[in-house]
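Everything on this sheet refers to the single structure shown next.
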Amino acid sequence: MAARSTIDVPIAGAVPGVPGDAVALALNLTLTEQTEPTFLTVYPTPASPAEGPPLVSNVNARPGEHRAN
């Protein structure tokens, strides 16, 4: 992924076995092979663009580290 990029990943109703009315999700996030200090933030799509992403991260890593949450 490029710096400051986002990826929308539909889950509820889009993944086999996940009902369309799902309200919670458990994920395993892993950072690997990064070349600069980095972080990963996972959050639900905001109701409006004005909300933006949260100001906290789920995983932080330095170059060369393999880090999972």
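The figures follow:
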{"item": "Any hit, the stretch 52-64, residues being open to solvent by 90 Å² or more (accessible area, probe 1.4 Å), without any contact (Cβ under 8 Å) to a residue 60 or more places away in the chain and hydroxyl-bearing (Ser, Thr, Tyr)", "result": "no"}
{"item": "Residue, most open to solvent (accessible area, probe 1.4 Å), within the stretch 41-51, restricted to residues that are among the β-branched types (Val, Ile, Thr) and under 10 Å from the mean Cα position of the chain (by Cα)", "result": "Val42"}
{"item": "Checking Ala61 against (1) touching a Lys or Arg at 6+ places or on another chain (Cβ under 8 Å); (2) small (Gly, Ala, Ser); (3) at positive phi, the condition it does not meet", "result": "(3)"}
{"item": "In the stretch 28-40, the residues that are within 19 Å of Leu55 (Cα to Cα) and either in a loop (DSSP other than H, G, I, E, B) or open to solvent by 100 Å² or more (accessible area, probe 1.4 Å) (or both)", "result": "Leu29, Pro37, Phe39"}
{"item": "Hits in the stretch 10-24 (condition: open to solvent by 100 Å² or more (accessible area, probe 1.4 Å) and among the aliphatic types (A, V, I, L, M))", "result": "Val23"}
{"item": "Members of the stretch 15-48 that are at pLDDT below 85 and within 15 Å of Arg4 (Cα to Cα)", "result": "none"}
{"item": "Complete set of residues in the stretch 19-32 that are over 17 Å from Ser57 (Cα atoms) and either within 17 Å of the chain's Cα centre (by Cα) or among the β-branched types (Val, Ile, Thr) (or both)", "result": "Val23, Ala24"}
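The values are calculated or read from the model by the stated rules, or taken from the named source; none is laboratory data. Quick caveat: nothing in here was measured; it's all calculated off a predicted structure. Heads up, the Cβs are rebuilt from the backbone with ideal geometry, glycines too, and the neighbour counts pull from every protein chain shown. Note: accessible area is taken over every heavy atom of the protein model, side chains too, but ligands, DNA and RNA are not part of it. Shrake-Rupley method; radii C 1.70, N 1.55, O 1.52, S 1.80 Å.
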